[in-house]
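Here's the structure, in C-alpha cells; my notes come after.
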Amino acid sequence: MAKKGSYDFYLILATTVVLALISLICVWAMFYFKMAGIHLLAAAGKAAWQERMNTIISPFIVALLVLLGICVPKRLLPVRWLNRFAVVLLIAALAVGWWFGVRVGLLVILGAALLLQSAVLVLALAGQDFLSFVKKGYWVRVGSSLVHLGLVLFVLDLYFHRMPTLHLLLFWVTTATTVSGMICCFYADSIARLLGREDRESAEQSGGRKDKG
Amino acid sequence: MTDLIDLHLFQELGRPLMLALLVLGGLLFLVGLVNIFRPEPWRQKEAWWGLVLINLLFFLGFALIAWLHWRINRELPLELSDQLAAWLNRQLAAANQSAAYGMPLYDPASPPRYVIPLWIENEKYYFWFMGYAFLALLAWRRLALHRFRGGLLLLLTCQLGLLFFLADPFAEPLPRFFSEISPWFSDQLAPMARIGLFMKLYPRMIFYYNAHYMWLHPPLLFMAYGCITITFLTSLFMLVRRQPEIERLGYDAAKFGYLLLTFGMLLGYPWALQAWGPNWWWDPKICSSIMMWAIYSTYLHTRLYANKVPMWYFSSFLGILCFAAMIFTFLASFLFPGEHTFQ
C-alpha cells in the first residue's frame, strides 16, 4: 500500500479525486439530460448539449492527461528525477501551449507519455529488473505496461476524434492493447504455466516500490 | 404475431421449462435460506444437483431460443419484386455515397434475412441469469462454505423469480420485433408504402439486429454483470466474516468481470459510431456505464494495491457499491431517455 505522504500516495489521491469528479459530472449529466429533455431536441440542440458537456469535462480530462504524463515515467525514474521531469514536462507543455495553443500543449504531454510508456513496454518485454512495478512477475509487468499504454492511446484517440480514419484505427489498437494487457496482468500465472515459463515471483507477492498502477 | 410464424410449439415447450425452473428455484430458495441461518450444512448434495439441473434447463431453453431465431432467419426474409428492387438499389446507392457507413444493396437472389442474436428483448434477462447460474455453479464447486453457497442460491432464486414473473421469453416471444415487422407481411401494402417500410426496417436490420457487434457487446456485458453479482456476494460475506478464500473468489470474479466489461464497453464504441453517428455521446446510459466502470476500476485497484486486512472492509464496500452501480446502470435504460432506453 502506498505510504501516506509519499509521491505515489498523492498521485493515487489526485487520480481518484479526478475520476470521482468525472463520475459525478456523468451522474449530473444523466439527470440534466432527462430534466431538460435533450432527447427531444433537434440535431443542432443535441450537438450544442454535447459541446457544452465537452467544455465542462475538458478541464478534468486535461488534469487526467497531466497526471498520466507524470505517472508514466515513474516506472523508469527515481522519485528525485521524477519530480524534475514533472516540472520540466509541465513547463514545456505550458510554453508550447502558450505559443501554439492548448491542443498542441496537450499533444506534447501525450507524446511524451506515449514515448515513455512504449519504452517501458519494450523494457518490460526484455525482462529488465530496474523498472519500478508493484508486482514482480514477468507477465504482470508486461500486462501492466500494455494496460497503461492502452490508457495513453485511449486519451490520444479522444484527441483525434475529429479524424475518423485515424480515430478508428487508434481505437482498435487501444482495444487490443488494453484487453491483451488485462489478460497478461490478471492471468499471469496461467500464461507462464502455459508457455512453460514460471514467473520469478507470483503476481500476488507484491513488493518493492508501490505505485498507482 | 402468430400469423407470421407458428410459435405454438415454442411456447408449449417453453412453458413447462419455465415452470420447472421456478419450482426448482423455490426449493433451492428454501435450502439456501436454511443454510444461511444454520451453523451446519444442510442438503448440500441435493442443492448441488438442483443447481446442475437448473443449468441444464437453462441450456435447453437457450437451445429453444436459438431454434426460434433460426426459424425467423429461414421463414421471414424481406422480399421485394424485381422492379421494386431495381428502384430501391438506385436509392440505396445514392444514399450510400453521402453516408459514412453505407448499407449493402438489395440482392434479389438472396433477400436480406434477420440474423437476430439470442439476447434481445426478454431473452437478454434469460441469458444474463443463465450466465449467473453457470458462474454460481463454478463458485459452488470452488468454495465449500455452506452459508456462502446459501447466498448463491438465494441470489439465483431471486433472478429466477424475476424471469418467470416479469420477463418470460417464452410467454410472448419477441413482441417488439414481431410488431415491427408484421406490417411488411401484410398483403395490402402498396408498392411505394412497401419501399418506405423497407427503408425503415432495413437500416434497423443492418445496424441493430444483424450487427456483428450485437453478438459481442451485450453478452460480454451480461456475463460481466454475473461476475459483479458474485463479487457482490463475496463482499457482503467479507463484511461479516473475513475469510481469505471468499475474498480470493470475489477478486477472481472481479478480474474476469472487469475484463469482459471493459472489452464489451469498448466494442460498443465503433458500433455506436456506425448505428447512431456522432450524436450519442453524453447519452445517460453511457454516462452511468462510465461511472460503473470507474467504480469497478477503483475496487480492483484497491484490491490490487491495498490488499491489507484493514482495507478489506473498504474494498468490500467498493464491491457492494459496484453492484449498486450495476443495478443503477441497468435501470437507467428504464428511467432515463436516450439511445439505450427501454421506455
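The values are calculated or read from the model by the stated rules, or taken from the named source; none is laboratory data. Because the structure is predicted, anything quoted here is derived from the model rather than measured. For neighbour counting, all protein chains shown are included, and Cβ atoms are generated from backbone atoms with ideal geometry for every residue, glycine included.
Computed quantities for the displayed model
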{"item": "Answer from B:Arg248, B:Arg204 - the residue that is part of a helix (DSSP H, G or I), closer than 30 Å to B:Asn89 by Cβ and out of contact with any Asp or Glu (no Cβ under 7 Å at 6 or more places or on another chain)", "result": "B:Arg204"}
{"item": "Only listed residue being buried (at least 18 other Cβ atoms within 10 Å of the Cβ) and outside the structural domain of B:Tyr299 (by TED's automatic domain parsing), chosen from B:Met205, B:Met265", "result": "B:Met205"}
{"item": "Check on A:Leu168, within 9 Å of chain B (Cβ to nearest Cβ), modelled with pLDDT under 90, within 29 Å of B:Leu273 (Cα to Cα) and surrounded by fewer than 20 Cβ atoms within 10 Å (Cβ to Cβ)", "result": "yes"}
{"item": "Criterion violated by B:Asp252 - all others in (1) touching a helix residue (DSSP H, G or I) at 6+ places or on another chain (Cβ under 8 Å); (2) within 13 Å of B:Gly319 (Cα to Cα); (3) within 11 Å of another protein chain (Cβ to nearest Cβ); (4) surrounded by fewer than 20 Cβ atoms within 10 Å (Cβ to Cβ) satisfied", "result": "(1)"}
{"item": "Residue match in the range A:45-53 (condition: surrounded by 18 or more Cβ atoms within 10 Å (Cβ to Cβ) and within 29 Å of B:Tyr299 (Cα to Cα))", "result": "yes"}
{"item": "Residue count, the range B:259-308 (criterion: within 7 Å of another protein chain (Cβ to nearest Cβ), part of a helix (DSSP H, G or I) and among the aromatic types (Phe, Trp, Tyr))", "result": "3"}
{"item": "Exclusive hit being touching a Pro at 6+ places or on another chain (Cβ under 7 Å) and within 10 Å of chain A (Cβ to nearest Cβ), set B:Ala332, B:Ala325", "result": "B:Ala332"}
{"item": "Selected residue (criterion: nearest to the chain's Cα centre (by Cα)) from residues of the range A:21-33 that are surrounded by 13 or more Cβ atoms within 10 Å (Cβ to Cβ) and not aromatic (Phe, Trp, Tyr)", "result": "A:Ile22"}
{"item": "Test set (1) closer than 19 Å to A:Tyr32 by Cβ; (2) more than 9 Å from chain A (Cβ to nearest Cβ); (3) charged (D, E, K, R) - B:Arg242 fails condition number", "result": "(1)"}
{"item": "Residue in the range B:126-133 that is in contact (Cβ under 8 Å) with a residue 12 or more places away in the chain, in contact with a Pro (Cβ under 7 Å, 6 or more places away or on another chain), assigned by TED's automatic domain parsing to the domain that holds B:Ala66 and crowded, with 20+ Cβ neighbours inside 10 Å present", "result": "yes"}
{"item": "Residue count, the range B:1-46 (criterion: in contact with a Pro (Cβ under 9 Å, 6 or more places away or on another chain) and over 26 Å from B:Glu180 (Cβ atoms))", "result": "1"}
{"item": "Residue under evaluation A:Leu67, criteria (1) part of a helix (DSSP H, G or I); (2) modelled with pLDDT under 80; (3) more than 26 Å from A:Ala112 (Cα to Cα), criterion not met", "result": "(3)"}
{"item": "Candidates B:Phe198, B:Phe177, B:Phe170, filtered to the one that is surrounded by 18 or more Cβ atoms within 10 Å (Cβ to Cβ) and farther than 14 Å from B:Leu76 by Cβ", "result": "B:Phe170"}
{"item": "Residue ID - nearest to the chain's Cα centre (by Cα), chosen from residues in the range A:34-50 that are at the interface with chain B (Cβ under 10 Å from one of its Cβ atoms) and within 23 Å of A:His161 (Cα to Cα)", "result": "A:Gln50"}
{"item": "Residue in the range B:1-58 that is nearest to B:Asn73 (Cα to Cα), counting only those that are basic (Lys, Arg) and part of a helix (DSSP H, G or I)", "result": "B:Arg15"}
